[in-house]
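What follows is a single structure, written as structure tokens, with notes after it.
The values are calculated or read from the model by the stated rules, or taken from the named source; none is laboratory data. Quick caveat: nothing in here was measured; it's all calculated off a predicted structure. Because the Cβ atoms are built from the backbone with ideal geometry, glycine has one as well, and the counts that use them run over all protein chains shown. Note: areas computed on protein heavy atoms with side chains; ligands, DNA, RNA excluded. Shrake-Rupley method; radii C 1.70, N 1.55, O 1.52, S 1.80 Å.
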Amino acid sequence: MAGIVSSVGMLAGTIGLFFGFFYLSNKPETSFEIVVITTVGIVGTLAFVRHVIFHKSDAKRLGWETERPDWIFEVGFANLAFGFMGFLSVLSGWGIRVQAVVLLGYALYLFQSACLHGYRYFTEEKKSPARLWRSCLATLLFTVMMTFFAINALLR
């Protein structure tokens, strides 16, 4: 089930980035709102669901099975905190600078996660292509695009 939730999150983030680029030149505020709602709000909330509610299948999917899932709960709580701030920053009307800071914060968080997955891929004997392509490279690409939108918003 965690794999399905992960895929839905990736799809939501990808669609959000697509529409973010689509609206960037003629409706930049709308563009930033879409990107923050999808890449932070929806993705963060779904990551919480994946890490906390479906923690057993998520840990198995990641190759990090444990009897003490406290750490994966903590990761889920961090994702929910960012997700909530993504929704709040847009729905409260605080403006694109606040949205940019939330977006940049979550991008940095995900960048570190991608680096960890990359490290795990290159240092483990058993190489998992899913860890390399989805957890590392796709996440790095995702963070680069999120950072692009955050910087673009901060420069306005």
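Out of region 28-47, which residues are at pLDDT 95 or above and under 9 Å from N79 (Cβ atoms)?
Scanning region 28-47 gives V43, G44, T45, L46.
Using the structure shown, decide if G118 is open to solvent by less than 20 Å² (accessible area, probe 1.4 Å), of a type in the set (G, A, S) and in contact with a Gly (Cβ under 8 Å, 6 or more places away or on another chain).
So G118 does not fit the description; no.
Tally up the residues in region 1-30 that are within 19 Å of V102 (Cβ to Cβ), more than 17 Å from the chain's Cα centre (by Cα) and touching a residue at least 24 places away in the same chain (Cβ under 8 Å), please.
Of the residues in region 1-30, 3 are within 19 Å of V102 (Cβ to Cβ), more than 17 Å from the chain's Cα centre (by Cα) and touching a residue at least 24 places away in the same chain (Cβ under 8 Å).
Look through region 55-79, keep the residues that are at pLDDT 80 or above and buried (at least 18 other Cβ atoms within 10 Å of the Cβ), and return whichever of them is nearest to G105 (Cα to Cα).
N79
Does any residue in region 90-115 that is within 14 Å of V35 (Cβ to Cβ) and hydroxyl-bearing (S, T, Y) come within less than 7 Å, Cβ to Cβ, of a residue that is open to solvent by 50 Å² or more (accessible area, probe 1.4 Å) and assigned to a helix (DSSP H, G or I) six or more places away or on a different chain, and which pairs are these?
Listed pairs, sorted by first residue: Y106/F82.
A138 - would you say it is in contact with a Lys or Arg (Cβ under 8 Å, 6 or more places away or on another chain), part of a helix (DSSP H, G or I) and not β-branched (V, I, T)?
no
Which condition breaks for G93 when tested against (1) within 23 Å of G20 (Cα to Cα); (2) among the small types (G, A, S); (3) open to solvent by 40 Å² or more (accessible area, probe 1.4 Å); (4) in a helix (DSSP H, G or I)?
(4)
Give region 54-74 a look and list any residue that's farther than 14 Å from S6 by Cβ and of a type in the set (D, E), or say none.
Correct list: E65, E67, D70, E74.
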